[in-house]
Structure formats: C-alpha cells, structure tokens
Amino acid sequence: MKFSIAKSDLQSNIQYLYNIVPSKNTMPILTNYLIEADEQNNLLKFTATDLEITVVVEFQAHVTEGGKAAVLARNLNEIISSLPEANIQFLIQEDTLKIHCERSDFNLLCAESSQFPLIPQKDLSNVIDLDAQMFKKMIENTHFAVSSEINRPIFTGIYWKISADEQLMVATDGKKIAEFKIINHIPTTELVEQIIPTKGLLFLDKVINEDNKTVSVLIESNRVMFAYGNYTVFTHIIEGKFPDYSKAIPANNNNVLVINKNSLRDAVKRVSLLASEDTFKVKFDISEEALLINSANREEGEANERIEDCIYTGEPLVIAFNYRYFTSILAVIESEEVEIRMGKANEPALFFNKEKSDKFTARFLLMPLRLS
Amino acid sequence: MKKSEIFALVDCNNFYAACERVFNPELRDKPIGILSNNDGIIVALSEELKQLGIKRGTPVFEIRKQIARHDIRIFSSNYTLYGDMSARVMKILTFFTPDLEIYSIDEAFLHLNGLRHLDLTAYGYKIRNSIRKWTGLPVSVGIGPTKTLAKIANRVAKKNGKLDGVFDITVRPDRDRILAGIDVKHVWGVGPQYANLLHRNGFHNVLQLAEAPQKWIKKKMTLVGLRTVLELRGISCIDLEQDIDPKKEIVSSKSFGIPVLSLQDLREALNSYCIRAVEKLREEKQVASQIMVYLTTNRFKEEPQYANFASCRLPLPSAYTPDFLRAAQTILSGIYRPGYKYKKVGVMLSDITHQSNLPPDLFAPSYLDDRRKKIMDCLDSINHRIGANCITYAGIGKARNWQMKREMLTPRYTTSWDDLPLVKA
C-alpha cells in the first residue's frame with residue numbers, strides 16, 4: 001500500500017473519527033483504524049469501530065499501490081497533527097507503516113488487519129433521504145436529555161419516530177424530557193420507531209455541515225445505516241420499549257413565566273456559583289412582582305438575584321431545579337424569550353420557545369427538586 | 001464563623017464496662033475488659049483495668065495470668081445492650097435541650113445558647129445526676145464556648161476527681177493555665193501525625209497551639225487545623241452536626257467465628273450484613289445507588305487463598321432492604337468460588353445521598369414516594385420498640401453457624417424478654 005495526501009485533506013476527513021475508537025476495550029484491534037487504499041479509484045477508506053458503532057470515511061488521495069493496514073489510531077492522529085502543512089507519504093513495508101513528510105520519518109508498527117471486524121456494506125438502494133440540517137437540529141435539541149445510567153439502557157439513546165408527514169425525536173433520563181418534532185414529507189408508508197444510541201448521532205451532528213443537504217438512512221431490523229457525504233455510520237439499535245412519556249407531560253400547568261432567555265440563563269449561572277455541589281439546587285421564588293433566584297450552601301454562603309423584567313401569571317410559587325438541567329434546556333431554546341409553564345412545586349415544568357416556528361415544535365420538561 | 005456560643009459535651013465514662021456493671025452490681029470496683037468481635041483483643045477497659053497497666057488492643061491470651069491474679073472480668077462485646085443503653089442516655093439528654101448532636105455511641109454535644117442565664121455548672125450536675133439515676137451510667141459533662149473547648153472541659157472533668165464530673169471552662173479566669181497543662185495530642189481533631197508535627201515545631205501544649213500563627217497552621221494543617229485553633233481561642237467555627245460529613249460509604253462486615261465453606265452460609269452472612277448496612281443508611285435518612293460485595297479467605301493461614309469483589313448499581317437510589325439483598329446475592333453468585341475456607345464477607349454501600357436530595361423520577365416511583373418507604377419505616381419502628389431484629393429477613397438463616405465467636409457474652413438485659421434480670425428478695 002502506498003499513497004500520498006495533503007495533511008489538511010487527511011486531517012479534515014478523519015478529525016472526528018477518533019471519537020469512535022473505544023478508550024477501554026478488551027479487543028486491542030479496536031484501538032486501530034483500518035486503512036484501505038484503492039489504486040483504481042484513487043480512494044482511501046478509513047474505518048473505526050467499537051463494535052456497536054462503525055464509521056467509514058472515504059476520500060480522494062493519490063494512491064500508487066492498493067492495500068490494507070490496521071494502525072494504532074492514537075499514534076496516527078498524534079503524528080499527523082505534529083507534521084507541517086505539507087504532503088504526507090504513506091508506505092506499507094512488511095508490518096510497518098512508513099510515514100514521510102518533509103524532514104520527518106516515522107515507522108509505525110501495524111496490527112493484523114484481518115483481525116479487524118467485518119465492515120457492513122454500504123447499501124443505498126432502499127434509503128430514505130432526510131433534510132440534513134433539520135436532522136442535525138433534532139439531534140441538538142434532544143441529545144442533552146439522555147441518561148448516562150447503563151442500568152436503564154433505553155434512556156441512553158434517542159427515540160426516533162418517522163412517518164410520512166413528520167419526524168419525532170425524544171430523549172429522557174427520567175428527570176427531564178426533550179421532544180422535538182418536524183413536519184416533512186417522506187416517501188415512506190411504514191412507521192419507523194427505534195431507539196438510536198447517542199454516540200452515532202453525535203458523530204453525525206459533528207460532521208453535518210452546509211456542503212451536503214441530505215442524510216440517507218437505511219433502517220434494518222437491528223441496525224441503522226446513515227450515509228452523509230464521505231461518511232457512512234452503522235449503529236446498532238437499542239432494544240426495548242421506550243416509555244409512554246406523554247403521560248408524564250402535564251396538561252394543566254397554569255403558572256406561566258415569560259422571560260428573556262439570556263437574562264434568565266445568566267442570572268441562574270451567577271446564582272449557581274454558590275449552589276450545593278451535591279444537588280445543584282437553585283430555588284425560584286416567583287410572583288407577579290418579581291422572580292427571585294436563590295442558592296445556598298452552608299459551607300460557602302448564599303446568592304440571590306431579583307429579576308423584575310418578566311411576565312408571570314399564576315399563583316405565587318416557590319420551586320427548585322437542578323441548575324445544570326435548567327441551563328441545558330435554556331441552551332436549546334431558540335427564541336429570545338422562553339415560556340415556562342409550571343404547576344405545583346413538586347410537579348414537572350414545561351419549557352417552550354415563545355415564538356413558534358412553522359417547521360418544528362419543541363417542548364422540554366424538567367422535574368423540580370424537593371424543596372426541603 | 002460565629003461567636004458567643006455555649007456547648008456541652010456529655011460523655012459516658014468507660015461506657016461498655018459501665019453498661020455491664022449496671023446489671024451486675026458484683027462488678028463494682030472490679031477491673032473489666034470488653035473483647036473485640038470474635039473475642040480476640042481487649043477493646044474497652046474499666047478505670048481499674050487501666051490502672052493495672054493494661055492497654056487497649058492487648059490480646060486476651062497475653063494476660064491470662066493477670067486475669068486470674070487480679071480477678072479481671074472479661075466479656076464479649078454485647079452491642080445490643082450498649083446500643084440500647086446509649087439510646088436511653090440520648091433520650092434523657094433531649095429533655096435538657098432540643099439542640100442535640102449524637103456524636104458517637106457514648107458522646108453527645110448539647111447546644112446551650114438559650115440557657116446562658118442559668119448556672120451552667122449546676123445544669124451540668126443536673127444532667128449528670130439524671131442520667132446516673134435513670135440509667136445507672138456515670139457521665140462527665142464539659143462546657144465551653146466552642147465544641148473543641150467543650151471536649152477539653154470534658155477531659156478536665158473526667159481527669160480531676162475533685163470536680164465530680166462537671167467542668168465549665170467558660171467561667172474560668174485561669175483558662176490559659178488549664179490549657180497550658182494539656183498536651184496538644186489530646187485536642188479534638190489533632191491526630192497522632194499532627195501531634196508529632198506540632199511537637200517537632202515547639203507546640204507542646206494546648207495554649208501554645210491556640211496562640212500559634214494562623215498562617216503557619218493553615219499551611220501545615222489545612223483549613224481544618226485552622227478551625228481547630230480558632231475554636232481553641234473561643235471562636236466557634238464548628239456548628240452542631242456541621243463537622244460530620246454525610247457518610248460517603250457504609251460498610252458492614254465481620255470475620256466469621258469459624259471458616260465458612262458453603263455458598264449457603266455465605267449467603268446468610270451476607271444477607272445479615274446487608275440488612276445492617278441498609279438499616280444504618282435509613283438511620284441517617286440516606287439513600288444509596290451502589291453496592292459492593294467482597295469476600296476473602298484468611299491470609300494468615302497456610303491454605304489456598306482467594307479474595308474478590310464486585311459491585312453493581314441500582315436503577316434508582318434506594319434504602320429498601322430487599323433492593324440491596326437481591327443485588328448482593330447476584331454479586332455473590334458471580335464472585336463465589338467453591339473449595340475455599342472463607343474468613344470474611346462484607347458489603348459496602350456507596351454513592352450515598354440524603355433523602356431530601358433524592359431527585360424525583362418521571363417513570364419510576366422513588367423510594368420516598370412508594371410503599372417501600374412505608375414498609376421500611378414500619379419494620380424499623382417495630383424493631384426499635386420491641387427489640388433489634390425482632391422482625392428480619394428469613395435469608396439470614398436460622399443456624400447461623402458463621403456468627404462470630406462470643407463465648408463470654410452477657411445477657412441482653414434491656415432488649416430481650418428472656419434476658420430480663422431477676423431480682424431475688
């Protein structure tokens with residue numbers, strides 16, 4: 001195998017690939033990239049996998065001799081980053097990948113490429129084409145609400161439902177829910193409902209840009225393939241039934257606060273400086289006169305902020321939230337003002353964009369913390 | 001940081017030995033030693049035994065001759081009795097102030113701010129006499145403007161027989177002289193390492209430590225050391241309970257009285273320790289999300305050795321005993337290997353948080369909001385009223401061959417009908 005490529009071209013194509021390489025694994029081969037060079041088409045193919053998610057990136061290079069090699073991903077990334085902006089030459093000799101760039105030479109030992117797991121074939125025959133920017137928006141509006149608790153695996157992925165006229169993504173960890181729905185017209189007759197692991201979706205979120213308008217999706221029984229530009233992502237599907245989250249969404253939250261999103265977020269961030277590091281609790285004392293935000297930490301002191309520039313209709317209310325969750329929701333609110341609909345102090349609160357869009361609807365739910 | 005506080009420290013004198021004496025008057029003035037789990041070493045001594053030059057931690061076999069010569073009375077540790085007597089003392093203390101912090105099985109801090117108009121020394125005697133009369137236990141009472149000085153006052157009360165068990169350092173004009181007479185190693189919060197450091201740097205007595213430069217103390221003994229020094233100067237920095245960090249872990253484990261081979265016996269022992277650990281969790285109004293189980297053979301014996309541990313997380317934080325029993329048994333099944341003589345099995349609960357901080361969950365009822373809490377409250381209340389383990393889980397077995405050695409155990413005078421002391425007239 002022998003090829004050469006400009007450092008910037010190589011780096012831009014594989015920059016996010018390292019996120020897929022598992023940091024801890026009992027299979028050492030997975031810490032490698034599989035590099036395949038196609039002499040006829042002058043094409044390079046880099047693959048990384050953690051067995052659950054496989055990402056393949058294909059791009060042009062000057063290939064003078066085809067072949068295949070498995071190379072330690074961390075070493076290769078570090079070497080490429082350290083090299084000057086110039087053309088890099090790669091050559092496989094026996095079990096060594098020789099890398100040459102201007103005055104630098106590296107000899108990198110290769111792993112046995114035949115041990116690399118089998119890569120699924122890219123199949124574009126029955127794909128559904130989706131608007132890439134809206135797909136990215138759906139991921140960005142929901143991924144922050146997934147759980148990291150491996151005990152509840154269905155909460156570690158994003159629930160995705162596609163029908164002919166709408167798409168829905170929902171994520172929850174039992175303490176918050178993010179729901180994002182778009183109206184579209186997809187030539188599909190069957191309803192698709194799956195729970196997709198976040199890792200693969202976050203990879204797509206990173207690589208989706210203005211250059212390509214479409215993400216192609218092929219949903220199989222236990223796997224989904226996403227094809228976007230140079231990238232093909234294969235991800236497994238999380239098995240299990242996503243809970244009927246709509247039952248948790250209250251219908252009669254009549255205490256409504258409308259407030260500038262940025263001033264609320266900044267105030268909460270300031271007050272949270274003295275919030276408990278165990279509970280992240282910030283208290284909101286809301287009445288028609290003002291919103292008082294407060295945190296207290298017996299060891300360090302307390303913080304208060306009063307905001308009068310807001311509109312509140314409803315009963316006076318004292319309610320507490322985990323400020324990290326609270327600000328994570330404010331971070332995805334797009335309109336200038338956020339509308340927060342609350343019930344009682346122990347009932348979930350709902351967050352909306354004040355200005356509605358005709359392309360999507362988004363709503364977010366947050367459970368309050370116990371007051372005492 | 002606050003000023004003008006008044007604290008009292010009430011400490012039971014030679015608590016374990018005193019509990020044994022309450023129900024056996026024959027033990028009066030006799031040297032008494034209480035043994036560790038499995039009757040190995042002496043862990044608690046009466047004043048008379050201390051005067052014979054015997055130290056805490058002495059293996060009982062080393063003093064066989066002295067036991068006979070001095071009529072030393074040796075007992076297995078009777079934690080059921082000590083726990084119940086402790087609860088009685090603490091209950092009495094609540095009659096004297098609502099602001100009470102139980103610091104250990106035989107010590108409690110009392111906040112006496114609202115009583116500064118009274119003669120606090122007389123109040124101390126009232127506390128001491130009430131406890132003596134109602135439980136038969138002797139206590140010492142130290143009163144001071146900070147918790148650290150209250151501890152020192154308690155030490156003075158205990159060591160100086162003329163004071164008759166009560167000492168109020170707040171009313172003493174000669175406080176400096178008293179502090180100058182006490183080694184820094186006796187200060188609350190100064191461990192052996194810090195005591196050595198202070199001695200090396202010329203701070204030998206408590207007065208010298210109280211006058212030590214703040215900057216030096218903060219650098220060498222951190223903020224915690226500085227708080228101690230400020231407390232010695234009479235500036236209260238440690239509120240009631242504030243100094244006690246919530247438990248990060250709860251461990252329950254004991255060595256077996258005899259080597260255990262069978263998985264069934266290990267299961268029973270593990271259940272027993274697990275039940276106790278979760279009880280402790282509830283006593284502190286906490287919930288836990290993680291459980292670890294470990295087991296080991298006796299590394300001091302020339303026989304095949306094996307030790308292992310594993311842990312698992314609960315879906316949601318809990319203090320419901322069956323949640324932990326199920327998890328513990330699953331873990332044990334995974335790490336148990338047949339053919340070894342096991343010496344110990346244990347359980348550790350971690351990722352602990354106070355119940356008030358338990359976040360509600362949208363899809364599963366939290367421990368606080370469903371019947372699990374009601375069941376546990378009911379169980380704890382029955383066991384508290386009628387006696388420890390009056391109701392327990394069948395999984396701890398009946399034979400309990402694995403239980404620790406306690407050959408010199410006194411009766412459970414206060415918690416078992418069968419063990420009630422008989423009075424003959």
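All of the numbers you see were taken from the coordinates with simple rules; none came from a lab. This one's a predicted model, so the numbers in the text were calculated from it and none came from an experiment. In this analysis, Cβ positions are derived from the backbone assuming ideal geometry, glycine residues included, and neighbour counts consider all displayed protein chains.
Express in nm, to one decimal, how much length is gained between residue B:180 and residue B:219 on full extension, taking 0.36 nm for each residue of separation and deducting their alpha carbon distance.
11.7 nm
Per-residue extension of 0.36 nm, minus the Cα-Cα distance of residue B:162 and residue B:249, leaves a gain of 27.0 nm for this segment.
About the Cα centre, and with charges only on the beta carbon of Lys, Arg (+1) and Asp, Glu (-1), how big is the dipole of segment A:2-115? Nearest 20 debye, please.
In total the dipole reaches around 200 debye.
Taking the charge dipole of chain A about its Cα centre, with +1 at Lys and Arg Cβ atoms and -1 at Asp and Glu Cβ atoms, the residue from A:158, A:113, A:319 reaching farthest to the positive side is A:319. Taking the Cα centre of chain B as origin and assigning +1 to Lys and Arg Cβ atoms and -1 to Asp and Glu Cβ atoms, the resulting dipole is close to 800 debye. Among the listed pairs A:98/A:122; A:136/A:213; A:176/A:261; A:137/A:199; A:137/A:175; B:55/B:158, those whose Cα-Cα separation exceeds 20 Å are A:98/A:122; A:137/A:175.
For residue B:308, the residues whose modelled amide H falls within less than 5 Å of its own, excluding neighbours fewer than 5 places apart on the same chain, are B:295.
Other residues with beta-carbon under 14 Å from the beta-carbon of residue A:325 carry, at +1 per Lys or Arg and -1 per Asp or Glu, a net charge of +4.
Cα centroids of segment B:305-332 and segment B:80-105: 32 Å apart. If R0 equals 45 Å, the separation of the Cβ atoms of residue B:311 and residue A:78 corresponds to a calculated FRET efficiency of about 0.85. What the Cβ-Cβ distance of residue B:383 and residue A:26 gives, at R0 = 45 Å and to the nearest 0.05, is a FRET efficiency of 0.50.
Which entries of A:2/A:45; B:185/B:254; A:281/A:356; A:269/A:354; A:241/B:374; A:206/A:281 show an alpha-carbon separation above 25 angstrom in the structure shown?
Going by Cα-Cα distance, B:185/B:254; A:281/A:356; A:241/B:374; A:206/A:281 fall outside the 25 Å limit.
Charge dipole of the protein assembly as shown (Cα centre as origin; +1 on each Lys and Arg Cβ, -1 on each Asp and Glu Cβ, all else neutral): 4580 debye, rounded to the nearest 20. Computed over neighbours whose Cβ is under 13 Å from that of residue A:132, the net charge equals -2, Lys and Arg +1, Asp and Glu -1. Using only the alpha-carbon atoms, how far is helix B:147-159 inclined from the longest principal axis of chain B? Give it as 0 to 90 degrees, nearest 10. Helix B:147-159 sits at roughly 80 degrees to that axis. Contact order for chain B, expressed relative to its length and based on alpha carbon pairs under 8 Å spaced 6+ residues apart, stands at 17 percent. Specify the angular offset, from 0 to 90 degrees and rounded to the nearest 10, of the alpha carbon long axis of helix B:371-386 from the longest principal axis of the alpha carbons in chain B. Approximately 60 degrees, to the nearest ten. Between segment A:267-314 and segment B:1-52, what's the alpha-carbon centroid distance in Å? If we compute the Cα centre of each part, the gap is 49 Å. Normalised by the number of residues in segment A:153-258, the mean separation of alpha-carbon contacts (under 8 Å, six or more apart) gives a relative contact order of 23 percent. Our Cα-only numbers for the protein assembly as shown put the radius of gyration and Dmax at 34.4, 111 Å. With the largest listed first and rounded to whole Å, the semi-axes of the equivalent ellipsoid of chain A from the Cα gyration tensor are 46, 24, 18. Measuring nothing but how far apart in sequence close Cα pairs (under 8 Å, 6+ apart) lie, relative to its length, chain A scores a relative contact order of 12 percent. Close amide H partners of residue A:369, meaning residues 5 or more places away or on another chain with modelled amide H under 5 Å apart, are A:320, A:321, A:322. When the protein assembly as shown is described by a simple charge dipole with +1 on each Lys and Arg Cβ and -1 on each Asp and Glu Cβ, the residue from A:328, B:269, A:229 located farthest towards its positive end is B:269.
For segment B:20-81, trypsin sites (Lys or Arg not before Pro) are listed when DSSP marks them as loop and at most 16 other Cβ atoms sit within 10 Å of their Cβ; the list is B:28, B:55, B:56. Between residue A:245 and residue B:285, the FRET efficiency from the beta-carbon distance, with R0 = 35 Å, is close to 0.65. Ellipsoid semi-axes for segment B:1-172, based on the Cα gyration tensor and the rule √(5λ), read 32, 16, 14 Å when sorted largest first. Which residues in segment A:205-219 have a backbone N closer than 16 Å to a point placed 7 Å from the Cα of residue A:166 along the Cα-to-Cβ line? Inside the label zone: nothing. For residue A:68, the aspartates and glutamates whose Cα falls under 12 Å of its own Cα, not counting residues fewer than eight places away in the same chain, are A:36, A:38, A:39, A:94, A:95, A:112. Between helix B:120-135 and chain B there is an angle of about 40 degrees, using the helix long axis and the longest principal axis of the Cα atoms. Helix content alone sets the calculated 222 nm mean residue ellipticity of the protein assembly as shown: runs of n ≥ 4 DSSP H residues at -39500 (n - 2.57) each, divided across all residues, give -8000 deg cm²/dmol. Count Lys and Arg as plus one, Asp and Glu as minus one, and take only other residues whose Cβ is under 12 Å from that of residue A:33; the net charge is then +2.
Once you reduce segment A:96-142 and segment B:174-206 to the center of their Cα atoms, the two points are 66 Å from each other. When the Cα positions of B:130, B:85, B:42 are compared along the charge dipole of chain B, B:42 comes out farthest toward the positive end, with charges on each C-beta of Lys, Arg, Asp and Glu. This ranking places A:128, A:293 by how few other beta-carbon atoms lie within 10 Å of each, fewest first, which gives A:128, A:293.
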